[in-house]
Amino acid sequence: MIHALWIVPLVLLIVFLASPRFRGDIAQTRVRRILSAGLEKSRYTVLNDVTLASGGGTVHIDHLVIARFGIFVIESQYTRGWVSGGEFQARWKQRHWGRSALFDNPAHRNVVQVEALSRLLDYPSRAFHPMVVLVGQKGFKTRMPAHVLPAEQLISAIRKKGQPLLDAEQADRALTTIDAARVRTTGWGSAGKLSLVRFALVVLLVAGAWVAFSDQVIELTQKMQEQSARETTPELFRSDGTRKTERELWEDSLVCAYSVDSGRCACYEPDGTKAEMTNSECRKLAERGSILNR
């Protein structure tokens with residue numbers, strides 16, 4: 001049972017990573033990084049995770065890019081494998097590893113987002129650029145609908161819109177109006193809660209694995225340390241690979257000489273001090289590695 005402690009958090013972590021909410025977080029993070037790295041801050045202003053009150057409810061917009069070239073309304077969608085679907089279809093299909101799954105048409109959400117912004121700002125429709133960015137997909141099996149593009153083409157698609165549609169005052173007013181109308185969340189937001197859950201599951205997984213396999217990990221670590229020590233300091237080990245005792249290491253440091261003619265023997269420390277030991281012990285050390293034998 002102890003060795004099974006790590007299985008429960010592992011299963012929970014796998015389920016969490018496979019959840020649509022976490023995949024959506026992956027898509028938003030990828031697009032956020034692309035926008036931050038690819039657009040000049042002097043010309044484009046990027047807003048992420050914008051929630052606006054609309055029609056008695058709220059509308060969530062993954063990313064907004066505000067510039068004199070218009071307002072780019074970006075919906076990020078994580079998909080796997082090949083995608084097929086039309087602009088007016090309610091649901092699209094993704095096929096991955098021979099399995100098919102349906103998901104809501106993200107272009108429809110994008111339309112709702114643009115309509116909410118249009119009512120808020122009272123700007124003409126040509127001032128808005130709807131975009132759906134797909135993250136993780138291999139490609140489109142059918143003709144890709146308008147305004148739908150892979151993440152790799154996002155920056156180039158934004159740069160292609162090079163005709164000014166708003167003057168500086170309109171762009172600034174759009175930014176301040178949207179910022180003032182945002183629905184502020186108190187406490188932990190959804191992204192913070194997901195990060196907390198992910199962190200907790202990882203901690204539980206590591207803790208469970210440590211309790212289950214700590215003995216094996218310690219034993220393996222000790223073996224690796226012993227192997228490394230044998231390679232770097234072979235003088236500390238016997239020929240069979242076991243460590244020498246303190247006595248053996250001390251004896252190895254001595255210089256001993258035995259005279260066959262007189263039967264006298266002497267061993268000396270590295271600093272020249274004479275070592276105290278019996279004549280027989282001295283003779284054994286001298287015969288084992290004496291300066292005479294060398």
Next on the checklist: Only counting other Cβ atoms within 10 Å, I'd like His147, His96 sorted with the fewest neighbours first.
Outcome noted: His96, His147
Next on the checklist: Using only alpha-carbon positions, what ratio does the radius of gyration of segment 245-289 give when scaled by 2.2 N^0.38 Å?
Outcome noted: 1.07
Checklist outcome for this item: In whole angstrom, the spacing between the Cα centers of segment 220-294 and segment 75-140 equals 77
Checklist outcome for this item: Between Thr142 and residues 5 or more places away or on another chain, the pairs with built amide H atoms under 5 Å apart involve Gly85
Checklist entry - Stretched out fully, how many nm does the piece from Asp271 to Leu102 gain, at 0.36 nm a residue minus the Cα gap? => result 52.6 nm
Checklist entry - Considering the Cα trace of segment 28-185, what is its radius of gyration and what is Dmax, both in angstroms? => result 15.8, 52
Checklist entry - Any idea how far apart Asp49 and Glu231 come out in nm if each label point goes 7 Å out from Cα toward Cβ? => result 4.6
Item to check | Candidate aspartates and glutamates - alpha carbon under 14 Å from Lys141, same-chain residues fewer than 8 apart omitted | outcome: Glu87
Item to check | For Phe72, Phe128, order by how many other beta-carbon atoms lie within 10 Å, fewest first | outcome: Phe128, Phe72
Checklist entry - Given a Förster distance of 45 angstrom, what is the FRET efficiency for Val260 paired with Asp240, based on the Cβ-Cβ distance and rounded to 0.05? => result 0.90
Checklist entry - About its Cα centre, what dipole magnitude does segment 39-184 give when the only charges are +1 on Lys and Arg Cβ and -1 on Asp and Glu Cβ, stated in debye to the nearest 20? => result 680
Item to check | Mean Cβ neighbour count within 10 Å, used as a protection proxy, ranking 49-55, 118-124 highest first | outcome: 49-55, 118-124
Next on the checklist: Can you sort Thr45, Thr278 from fewest to most other Cβ atoms within 10 Å of each residue's own Cβ?
Outcome noted: Thr278, Thr45
Checklist outcome for this item: Stretched fully, the stretch from Val217 through Glu169 gains (0.36 nm per residue minus C-alpha distance, one decimal, in nm) 10.9 nm
Checklist entry - Which entries in the list Lys138/Lys161; Lys138/Lys160; Lys244/Lys284; Lys223/Lys244; Lys223/Lys284 go over 28 Å, if you measure between the two C-alpha atoms of each? => result Lys223/Lys284
Checklist outcome for this item: Here FRET efficiency (C-beta to C-beta, Lys160 to Ala180, R₀ 30 Å, nearest 0.05) is 0.50
Checklist entry - Can you pull the Kirkwood radius for segment 101-186, inverse mean 1/r over Cα pairs, to one decimal in Å? => result 15.2
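Quick note: the coordinates plus some simple rules give every number you see, no bench work behind them. Only a predicted model underlies this, so the values are computations on that prediction, with no experimental measurement involved. So basically every Cβ, Gly included, is an ideal-geometry build from the backbone, and we count neighbours across all protein chains shown.
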